[in-house]
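**Q** Pasting in a structure now, in structure tokens, and then I'll have a few things to ask.
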Amino acid sequence: MNYTQVSEFVIVGFPSLQPGDFNLVAWFFFFLYVATVGGNLLLVVLFALERSLQKPMYIVMVSLALSDIGFATVVLPKLTARYWWNDGSLGFHTCHFQRHMIHYFGSLNSLILLTMALDRYVAICFPLRYPMVMTNQTMTGLTVFCWVVAHIFPGISTINFTMMPFCGPNQILQAFCDTLSLKALVCRDTGELYSKAFTVAMFILYVPLSFIILSYIFIIISVLRMASGQVTHYLFSKFYTHFISFYYSYLILTLRHSTILFYSLFPPLINPFIYCLRTKEIKQIFARWIWRQKGIAPKKQGQIEAITKSQ
């Protein structure tokens with residue numbers, strides 16, 4: 001069959017949006033990008049500057065922060081340009097690259113959250129073995145493994161999609177290039193290809209989710225046998241944050257159009273506050289910085305802890 005392959009795609013974004021609102025929407029996405037990158041980058045800087053944070057738990061948190069920065073960078077600058085300068089065009093391979101990276105960071109986040117759950121499982125259920133099992137080298141190896149393996153499944157799907165015939169139209173009725181939007185533009189039946197891609201996506205999402213739920217079941221059973229109510233509440237809150245993150249990931253895979261955008265960009269914005277910036281150690285670091293800025297050195301660690309408890 002003869003056809004003319006399209007050379008570029010055009011991001012439509014929100015078709016019902018009036019031109020008079022373009023500038024406001026562009027500023028919204030710009031500030032969203034700055035806030036997302038700023039919040040996650042703050043954790044990375046803290047990790048680099050404070051030796052007390054250079055341990056397994058924060059290594060995986062920094063990995064999550066870098067993943068969120070990557071996802072926001074893949075999506076938001078182009079979307080902002082679409083409404084600031086009416087520049088929604090993406091080259092053929094650029095669009096496929098964006099699609100690959102979007103699904104890559106989604107897969108990566110699932111694996112990172114699985115690693116985070118594994119770290120907490122060993123720390124709570126095997127506290128005496130934790131320093132020997134979860135060393136900085138072990139956690140670094142696990143995070144590097146996640147960053148590499150997360151490319152495999154999206155990569156296979158990307159190769160298949162780039163070989164599909166795209167003969168027009170070329171308008172992406174979405175805020176970014178993803179599987180659903182590109183599937184609608186292929187000039188042949190994509191049912192089998194999409195079924196395989198969706199099956200793989202469900203696998204990379206639900207297998208880590210199953211292990212996370214299982215690990216927290218063991219954690220909860222162990223804690224209920226011997227822990228105080230305060231510790232139990234802490235553990236339930238940790239499980240809740242993991243569940244929320246996977247809930248949003250599930251919506252990214254199953255919802256359509258502008259709804260996907262909200263559920264895609266919301267977790268990277270709030271993850272630093274859910275997982276990192278509200279931890280006791282980081283609050284203590286901020287408290288020490290405040291004391292130094294005021295030119296006052298607290299005499300006792302208890303003074304810093306008193307400040308963090310009051311926040």
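The values are calculated or read from the model by the stated rules, or taken from the named source; none is laboratory data. Every value quoted in this text rests on a predicted model; they were computed, and no experiment measured them. Using ideal geometry, Cβ is built from the backbone for each residue, glycine included, and neighbour counts are taken over all protein chains shown. When the accessible area is computed, the model is the full protein with side chains, heavy atoms only, and any ligands, DNA or RNA have been set aside. Shrake-Rupley method; radii C 1.70, N 1.55, O 1.52, S 1.80 Å.
**Q** Could you grab me the full set of residues in the range 156-180 that are touching a residue at least 40 places away in the same chain (Cβ under 8 Å) and part of a helix (DSSP H, G or I)?
**A** The answer is I156, S157, T158, F161, T162, T179, L180.
**Q** Failed condition for L114, given (1) open to solvent by 40 Å² or more (accessible area, probe 1.4 Å); (2) farther than 30 Å from S215 by Cβ; (3) under 17 Å from the mean Cα position of the chain (by Cα), with all others met?
**A** (2)
**Q** Could you tell me whether the range 43-63 includes any residue that is in contact with an Asp or Glu (Cβ under 8 Å, 6 or more places away or on another chain) and not in a helix (DSSP H, G or I)?
**A** Checked the range 43-63: no residue is in contact with an Asp or Glu (Cβ under 8 Å, 6 or more places away or on another chain) and not in a helix (DSSP H, G or I).
**Q** Test each condition in (1) farther than 23 Å from V200 by Cα; (2) in a helix (DSSP H, G or I) for G70 and report the one that comes out false.
**A** For G70, the failing item is (1).
**Q** Let me ask something else. A123 versus (1) part of a helix (DSSP H, G or I); (2) exposed (fewer than 15 other Cβ atoms within 10 Å of the Cβ); (3) out of contact with any Leu (no Cβ under 9 Å at 6 or more places or on another chain): which is the lone unmet condition?
**A** Failing condition for A123: (2).
**Q** Let me ask another. Filter the range 210-220 down to the residues that are at pLDDT 80 or above and either open to solvent by 30 Å² or more (accessible area, probe 1.4 Å) or not in a helix (DSSP H, G or I) (or both) and list them by number.
**A** Residues of the range 210-220 at pLDDT 80 or above: 210-215, 217-218.
Hits for the range 210-220 are S210, F211, I213, L214, I217, F218.
**Q** Another question, if that's okay. Is there any pair with a first residue in the range 85-110 that is among the aliphatic types (A, V, I, L, M) and in a helix (DSSP H, G or I) and a second that is open to solvent by 30 Å² or more (accessible area, probe 1.4 Å) and modelled with pLDDT of 90 or more whose Cβ atoms are under 8 Å apart and which are 6 or more apart or on different chains, and what are they?
**A** M101/V74; I102/V74; L108/W147
**Q** Read through the list (1) closer than 25 Å to L108 by Cβ; (2) at pLDDT 80 or above, then give the number of the only condition that Q171 fails.
**A** (1)
**Q** Another question, then. Restricting to the range 181-195, and then to whatever is loosely packed, with under 15 Cβ neighbours inside 10 Å and assigned to a helix (DSSP H, G or I), can you tell me which residue is modelled with the highest pLDDT?
**A** S195
Quick grid of which residues meet (1) surrounded by 23 or more Cβ atoms within 10 Å (Cβ to Cβ); (2) under 25 Å from C177 (Cβ atoms):
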site: F31; (1), (2): no, yes
site: G39; (1), (2): no, no
site: Q54; (1), (2): no, no
site: V60; (1), (2): yes, no
site: L64; (1), (2): yes, yes
site: T73; (1), (2): no, yes
site: N86; (1), (2): no, yes
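**Q** Only one of F161, F153 is under 16 Å from H96 (Cα atoms) and either small (G, A, S) or open to solvent by less than 40 Å² (accessible area, probe 1.4 Å) (or both). Can you tell me which? Steps first, please.
**A** Values: F153 fails: either small (G, A, S) or open to solvent by less than 40 Å² (accessible area, probe 1.4 Å) (or both).
On inspection, the qualifying residue turns out to be F161.
**Q** Give all pairs with beta carbons closer than 7 Å in which a residue from the range 10-39 that is within 10 Å of L79 (Cα to Cα) meets a residue that is part of a strand (DSSP E or B); count only pairs at least 6 apart in sequence or on separate chains.
**A** So the pair list comes out as I11/L90; I11/I172; V12/Q171; V12/I172.
**Q** Counting only residues that are modelled with pLDDT under 90 and either open to solvent by 30 Å² or more (accessible area, probe 1.4 Å) or over 14 Å from A72 (Cα atoms) (or both), how many does the range 96-107 have?
**A** Residues that pass the stated criteria total 4.
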